[in-house]
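Report on one structure; see the data block that follows.
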Amino acid sequence: MKMRKLTLLLALLAAALAISCSAAAAGGAIRTQLTRADAGRGLTRRQLLRRMARRSKARAARLLSSTSGSSSSPSSATAVPGKDQAIDTEYLISFGIGTPPQAVQPTLDTGSDLVWTQCQPCPSCYAQSLPYYDPRLSATSAYLPCDGPACRQLDLSSCGARNWGNGTCVYTYSYGDRASTNGLLETDTFTFDGGDTATAVPGLAFGCGLFNNNGAASSNATGTGIAGFGRGALSLPSQLKVDNFSYCFTDITGSTPSPVLLGLPANLYGGAATVQTTPLIQSPGAVQTFYYLSLLSITVGSTKLPVPESAFAVARNGSGGTIIDSGTSVTMLPPLAYGLLHDAFVAQVDLPVTNDEPLCFAVSGKKKKEKKQKEEVPKLVLEFEGATLDLPRENYVFEIEDGGQNNMCIAAMSSGGGMTIIGNYQQQNLHVLYDLAGNKLSFVPAHCDKV
């Protein structure tokens, strides 16, 4: 018993020391890779885009529930499986946990805080492509105590006893749609492989998921858990004590890896004239995880949508607002704004409508040997406080063939509530920088495979 208490105390001290010094230990920027969750699965473009639309709709409902006074935590509101996926998966971040490192690929999620992965002995886990992390194979793994500061950051936790280990921090997250994760809060060394060099950071806290249910998902292999990149204390950027992080999403229907960087130099963009910067807004509500932006207006072609700024702003009770999100694919708008956007495109595109959400138009068929000419489409511009996002065509239009009919679709849908979500389809080939110290978000067009 004394040895066990000593182990817990040493683990707590090691975690506190390592977290406080983690930015220095990293020795500069940490670099690793993101891979598209659906990459390499042999899905057609039509299948990929339909899965994206379904996931975006389901995720929007969860994000809305987390800001509407529901008892769900931000994490439990965002990491829920859609109809055909296991846990909300869009981009998987690669790193190693343990000594020696064991590879994990959790989902990068700017809408939650906790980092967790499925763990051995894994009495109840869903399928994944990588082996489950095994703390018994790591020389630096240790459980964290239930009376420690990390455990107190969890929305739902308890003190372990018997099989859990006396005094350990036991967490439970219920994700809705019958999805859940239950396990032990641990600490271990994280290793980030940047290609030329690897960076090891000791003592990072994470959830070791032992009982994980992917709910309504199929048995398809997926990510190993979730890497929270939100604004809470347990998120990966917060634990690393970095002033900023960035990502650059390559083509969303391709398989080229995307870079993610943590702790970047202040002159990241080198004074490029095309850099746009807008403030990150703090929510007055209880949920402090999300990255809120000040969206002022939306313009479709020659039409500025008659939507009041208040429709995009976060309310005093923390509901609504506009967030930028790594886990939502297509941009989601409040019903009023989406209806006006829909009507503006219909009025300016002289093609038959084949679907209302997402909005799709019938494109005249072309012979296979003929070079397809893209139909003209009105510009889509999002105006933020201090910044303008003038979207290139490929960031808001996609083409699919359905039943022999070619369709041109707009990558936007109704959120079904008051929240606006800027999705990752609109963020393709943009280097997006979250300046945590300065409370700013910057973005600039980039060749993401060369960042």
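The values are calculated or read from the model by the stated rules, or taken from the named source; none is laboratory data. This one's a predicted model, so the numbers in the text were calculated from it and none came from an experiment. Here the Cβ positions follow ideal geometry from the backbone for every residue, glycine too, while neighbour counts run over all protein chains shown. Only protein heavy atoms, including side chains, enter the accessible area calculation; ligands, DNA and RNA are left aside. Shrake-Rupley method; radii C 1.70, N 1.55, O 1.52, S 1.80 Å.
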### Query
How large is ³J(HN,Hα) for each residue in segment 406-421, as worked out from phi by the Karplus curve 6.51 cos²θ - 1.76 cosθ + 1.60 (θ = phi - 60°), to whole Hz, x for Gly and Pro?
7, 10, 10, 10, 9, 7, 8, 8, 7, 6, x, x, x, 8, 10, 10
#### Entry: Trp164, Trp116, ranked by accessible area, largest first (probe 1.4 Å)
Trp164, Trp116
### Message
Roughly how far apart, in whole Å, are the Cα centres of segment 97-117 and segment 237-316?
### Response
22
### Message
If packing is taken as the average number of other Cβ atoms within 10 Å across a peptide's residues, how do 246-256, 121-131, 406-416 rank, most packed first?
### Response
406-416, 246-256, 121-131
### Separation of the Val275 and Ala139 label points, Cα + 7 Å toward Cβ, nm
4.2
### Query
Once amide H atoms are built 1.01 Å from N in the peptide plane, which residues 5 or more positions from Leu296, or in another chain, come under 5 Å H to H?
Glu383, Phe384, Glu385
### Query
What's the center-to-center distance, using Cα atoms, between segment 395-451 and segment 327-346 in Å?
13
#### Entry: Under 12 Å from the Cα of Lys440 - aspartates and glutamates, other chains or at least 8 residues apart
Asp243, Glu385
### Summary
Any residue on another chain or 5+ positions along whose placed amide H is under 5 Å from the amide H of Leu280 is listed here as Lys440, Leu441
### Summary
When the charge dipole of segment 360-451 is computed with +1 at the Cβ of Lys and Arg and -1 at the Cβ of Asp and Glu, the Cα pointing farthest to the positive end, of Ile400, Ala411, Val451, is that of Ile400
